[in-house]
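Written below as structure tokens is the structure these notes are about.
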Amino acid sequence: MKFFSLQSGSNGNSHLIQSNNTSILIDSGLSGVRTKNILAEAGFSIEDVSGVLITHEHDDHVSGAGVLSRKFKTPVYINRATFKMATMKMKQIDESLLHFIDGPFCIGDIVVTPFKICHDAADPLGYVLESDGKKISVITDTGVITDEVMALTKNSDFFYVEANFDPIMLKHGPYTPALQERVRGDFGHLSNFECAEYLINAIGDRTKAVMIGHISLFNNDETLAKLTVENAIAEAGLDVPVFVSSRFRPSVVIEI
């Protein structure tokens with residue numbers, strides 16, 4: 001399986017997972033043209049994408065989904081609560097291309113297991129994707145890691161997890177006290193340290209690599225986030241490389 005992050009941050013999120021026979025996007029927060037071009041530059045084709053999985057209805061995760069569906073006939077997978085909140089953003093989607101999530105399902109040779117996360121959205125989801133004995137876990141926009149999430153994602157071959165903020169930078173940054181509380185609350189985001197703590201407990205003997213993303217422009221720094229997570233993992237005696245999903249550029253392609 002391959003994992004490729006087109007972009008990650010409040011300016012837009014989208015990630016590609018590819019198995020032997022199937023390509024899936026998780027979220028579509030970029031324009032259709034930008035999505036197509038970034039995929040092409042990395043050697044992928046938007047025409048090969050078999051579906052877009054939506055995590056939640058915020059603009060930076062859903063704004064491009066309707067365009068992809070209309071222009072490229074890409075199926076959209078979304079739960080009903082999220083769809084209700086995202087309809088005005090996605091606009092018209094052909095009913096034949098709309099699939100409502102209600103438990104695990106398959107897209108091609110990829111088994112998709114959705115799970116609930118904690119964020120200030122209608123019914124936000126993370127995903128486990130499995131194919132050919134490989135397992136990828138994607139967790140973005142959550143304030144806490146629940147026991148259920150830990151149990152489902154533990155010992156994945158690859159993890160994509162948000163490391164949204166550094167607590168000191170958040171405290172002394174431009175956000176109002178109310179917005180700071182929202183970010184660090186149970187329905188906000190994970191800090192660098194919370195991301196690291198989760199990974200230390202979730203990494204197993206089959207884990208090949210992790211990627212951190214959704215790094216705040218004002219309350220974090222890519223280098224700081226990477227060093228914080230890397231150091232924590234190393235101090236726990238784990239030897240797993242850490243990659244970064246940026247708001248400014250596509251990631252490397254990870255193959256597991």
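The values are calculated or read from the model by the stated rules, or taken from the named source; none is laboratory data. Bear in mind that the values here come from a model prediction, so they are computed numbers and not experimental data. Because the Cβ atoms are built from the backbone with ideal geometry, glycine has one as well, and the counts that use them run over all protein chains shown. Remember, those area values only see protein heavy atoms, side chains included, never the ligands or the DNA or RNA. Shrake-Rupley method; radii C 1.70, N 1.55, O 1.52, S 1.80 Å.
In the range 205-217, what count of residues is obtained for those that are open to solvent by less than 70 Å² (accessible area, probe 1.4 Å) and within 16 Å of V138 (Cα to Cα)?
Number of matching residues: 8.
Output the number of the condition that T176 fails; it satisfies all remaining conditions of (1) within 24 Å of N219 (Cα to Cα); (2) open to solvent by less than 20 Å² (accessible area, probe 1.4 Å); (3) β-branched (V, I, T).
(2)
For the range 18-30: of the residues being in contact with a Ser or Thr (Cβ under 8 Å, 6 or more places away or on another chain) and either more than 14 Å from T74 (Cβ to Cβ) or modelled with pLDDT under 95 (or both), which is surrounded by the fewest Cβ atoms within 10 Å (Cβ to Cβ)?
Among residues in the range 18-30 that are in contact with a Ser or Thr (Cβ under 8 Å, 6 or more places away or on another chain) and either more than 14 Å from T74 (Cβ to Cβ) or modelled with pLDDT under 95 (or both), the one surrounded by the fewest Cβ atoms within 10 Å (Cβ to Cβ) is N20.
Report whether or not R182 is of a type in the set (D, E, K, R), open to solvent by 10 Å² or more (accessible area, probe 1.4 Å), assigned to a loop (DSSP other than H, G, I, E, B) and touching a residue at least 12 places away in the same chain (Cβ under 8 Å).
Considered against the rule, which asks whether it is of a type in the set (D, E, K, R), open to solvent by 10 Å² or more (accessible area, probe 1.4 Å), assigned to a loop (DSSP other than H, G, I, E, B) and touching a residue at least 12 places away in the same chain (Cβ under 8 Å), R182 comes out as no.
Scanning for something part of a strand (DSSP E or B), small (G, A, S) and over 23 Å from I17 (Cβ atoms), does the range 188-197 turn up at least one residue?
Within the range 188-197, the first condition is being part of a strand (DSSP E or B), and the residues that meet it are 191.
From the residues that got through so far, the ones that are small (G, A, S) too are 191.
Now restrict to residues that are over 23 Å from I17 (Cβ atoms): 191.
Yes, some residue in the range 188-197 is part of a strand (DSSP E or B), small (G, A, S) and over 23 Å from I17 (Cβ atoms).
State yes or no: is T35 of a type in the set (V, I, T) and in a helix (DSSP H, G or I)?
Criteria met by T35.
Considering only residues that are aliphatic (A, V, I, L, M) and touching a Gly at 6+ places or on another chain (Cβ under 9 Å), which ones fall in the range 28-79?
L30, I46, V52, V62, A65, V67, L68, V76
Of all residues in the range 57-67, which are within 20 Å of V138 (Cα to Cα), open to solvent by 10 Å² or more (accessible area, probe 1.4 Å) and of a type outside the set (G, A, S)?
Once the filter is applied, which keeps residues that are within 20 Å of V138 (Cα to Cα), open to solvent by 10 Å² or more (accessible area, probe 1.4 Å) and of a type outside the set (G, A, S), the range 57-67 yields E57, H58, D59, D60.
Name the single residue that is surrounded by the fewest Cβ atoms within 10 Å (Cβ to Cβ) among those in the range 136-162 being in contact with a helix residue (DSSP H, G or I) (Cβ under 6 Å, 6 or more places away or on another chain) and assigned to a loop (DSSP other than H, G, I, E, B).
Across the range 136-162, the extreme among qualifying residues is K154.
Among the residues of the range 68-96, what is the count of those that are among the hydroxyl-bearing types (S, T, Y), in contact with an Asp or Glu (Cβ under 6 Å, 6 or more places away or on another chain) and either farther than 17 Å from V112 by Cβ or surrounded by fewer than 15 Cβ atoms within 10 Å (Cβ to Cβ) (or both)?
Going through the range 68-96, the residues among the hydroxyl-bearing types (S, T, Y) turn out to be 69, 74, 77, 82, 87, 96.
Add one more test, that the residue is in contact with an Asp or Glu (Cβ under 6 Å, 6 or more places away or on another chain), and what stays is 82.
So of that shortlist, the ones also either farther than 17 Å from V112 by Cβ or surrounded by fewer than 15 Cβ atoms within 10 Å (Cβ to Cβ) (or both) come out as none.
So the answer is 0.
So which residues in the range 107-138 are aliphatic (A, V, I, L, M), touching a residue at least 24 places away in the same chain (Cβ under 8 Å) and touching a strand residue (DSSP E or B) at 6+ places or on another chain (Cβ under 9 Å), if there are any at all?
I107, I110, V112, I117, L125, V128, L129, I136, V138 - these are the residues of the range 107-138 that are aliphatic (A, V, I, L, M), touching a residue at least 24 places away in the same chain (Cβ under 8 Å) and touching a strand residue (DSSP E or B) at 6+ places or on another chain (Cβ under 9 Å).
Considering only the range 100-112, how many residues are surrounded by 17 or more Cβ atoms within 10 Å (Cβ to Cβ) and not β-branched (V, I, T)?
Step one: of the range 100-112, the residues surrounded by 17 or more Cβ atoms within 10 Å (Cβ to Cβ) are 101, 107, 110, 112.
Keeping just the survivors that are not β-branched (V, I, T) gives none.
Residues meeting the conditions: 0.
With the checklist (1) under 18 Å from the mean Cα position of the chain (by Cα); (2) more than 28 Å from V183 (Cα to Cα); (3) not in a strand (DSSP E or B) in hand, flag the one item C118 doesn't pass.
Status for C118: all satisfied but (2).
Of all residues being more than 19 Å from G213 (Cβ to Cβ) and assigned to a loop (DSSP other than H, G, I, E, B) in the range 38-56, which is least open to solvent (accessible area, probe 1.4 Å)? Just the residue, please.
Looking at the filtered set, the residue picked out is S45.
Just a yes or no: is a residue in the range 65-72 of a type in the set (D, E, K, R), in a helix (DSSP H, G or I) and either closer than 22 Å to R249 by Cα or touching a Ser or Thr at 6+ places or on another chain (Cβ under 9 Å) (or both)?
Looking through the range 65-72, none of the residues is of a type in the set (D, E, K, R), in a helix (DSSP H, G or I) and either closer than 22 Å to R249 by Cα or touching a Ser or Thr at 6+ places or on another chain (Cβ under 9 Å) (or both).
Would you mention how many residues in the range 227-251 are over 15 Å from the mean Cα position of the chain (by Cα) and either free of Cβ contacts under 8 Å to residues at least 40 places away in the same chain or assigned to a loop (DSSP other than H, G, I, E, B) (or both)?
16
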